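The values are calculated or read from the model by the stated rules, or taken from the named source; none is laboratory data. Keep in mind that this is a model prediction, so the values were computed, not measured. Ideal geometry is used to build each Cβ from the backbone, glycine not excepted, and the neighbour counts take in all protein chains shown. Note: areas computed on protein heavy atoms with side chains; ligands, DNA, RNA excluded. Shrake-Rupley method; radii C 1.70, N 1.55, O 1.52, S 1.80 Å.
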Amino acid sequence: MKILFKIYLTVFCFAFLNSCGGVPEEKSESAATANVFSVEEVLEMVAKENDVTRTLYTKAIVGKGKAQGMKFDEDWRKDDVEAGPLPALFLRGIATSIKKGAVPLGLYLGSDFPVNAANKFEGKQAELFKQIKEDQKPQFFYDEDQKLHTAMFADLASAGACVTCHNKHPQTTKSDWELGDVMGATTWQYPKDSLSYKETVAVLNSYAKGTVDIYMEYLDEIEAFETSEKPEIGDKWPAEGNYLPTAEVFLDSVKKLSSYETMKHLVASN
């Protein structure tokens, strides 16, 4: 199944480009390796893809799924827990997949009031996060200690599931979150200050693969349920009942919702 899905992911990537104006013409080796994007541009592209994916997962899977009786838990990987990953853990799964790959892209989620103390912003990031909370604009800086270009993007409480979970969590350090609050910042890092077309596509593909990996892991977890009712996996969504979309259907919806600006950037470099 995983081999078949890798084939689907490749087809998905080309379909994604086609939906936004066509696959760019084949480039010469020199054109493909020339640095044409600033690191800020690339991190904004992948951040926008992440916004679409996480919003879809949070609202259409977790939010609607809970209304159908589906469970989502921070300990979802434990053998005795029959549940799916919470939105923050969905992101962590994507980050873990990226870290295992060859693309030197870093991803994590931090806050000034994190559930996990290890995710609390410090130093320069703590300073910049104060500004993000005021205007919700991204912040870019070069991390001298890690030698990495860093971009921080506001992470909003976009769904009731986020607010309820954080307010009621036993380890919470803040219990009055409201919809629309800036709960944290999604932080991306990359070692180079500019990227080629080829490297940019690799960054976007590494994120897409991370999404595939964590969603497939969730579906595999459901297959192992012993006592909980298993949702039917197919072309329907939780809004329609005890259903979950296949990975193909989920990613197809991501494709349809994904930022046009990202593809416009890629095509413009052609």
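Close amide H partners of residue 84, meaning residues 5 or more places away or on another chain with modelled amide H under 5 Å apart, are 71, 72, 73.
Calculated translational diffusion coefficient of segment 178-218 (4 °C, 1.567 mPa s; Stokes-Einstein with Kirkwood radius over alpha-carbon pairs) equals 100 µm²/s.
Could you work out the per residue convex hull volume over the alpha carbons of segment 115-198, in cubic angstrom? It would help to have the intermediate numbers written out before the result.
Values: hull volume 10.6 nm³, N = 84.
So the per-residue hull volume is 126 Å³.
Count Lys and Arg as plus one, Asp and Glu as minus one, and take only other residues whose Cβ is under 12 Å from that of residue 82; the net charge is then -4.
Can you pick out the pairs among 64/192; 100/255; 59/192; 48/192; 64/133 whose Cα atoms lie more than 31 Å from each other? Show your work: numbers first, answer last.
Working: 64/192 40 Å; 100/255 24 Å; 59/192 34 Å; 48/192 20 Å; 64/133 28 Å.
Over 31 Å Cα-Cα: 64/192; 59/192.
Near residue 142: Cβ cut-off under 15 Å, other residues only, Lys/Arg at +1 and Asp/Glu at -1. The net charge is -3.
Leaving out ligands, DNA and RNA, and with a 1.4 Å probe, what % of the accessible surface on segment 158-222 is carbon or sulfur? Mind dumping the intermediate values first?
Working: 1350 of 2590 Å².
Roughly 52 percent of what the probe reaches on segment 158-222 is carbon or sulfur.
Would segment 166-250 count as rounded, prolate or oblate if I go by the C-alpha gyration tensor, calling it rounded below 1.5 in a/c and otherwise prolate when a/b exceeds b/c, oblate otherwise? Here segment 166-250 falls in the oblate category. Counting charges near residue 94 (Lys, Arg +1; Asp, Glu -1) among other residues having Cβ under 12 Å from its Cβ returns a value of +2. Between residue 75 and residue 239, the simple label model (points 7 Å from Cα in the Cβ direction) yields a spacing of 3.4 nm. Label sites at residue 192 and residue 164, each approximated as a point 7 angstrom past Cα along Cα to Cβ, lie 4.5 nm apart. A simple spin-label model places the labels of residue 224 and residue 124 4.0 nm from each other, with each point 7 Å out along Cα-to-Cβ.
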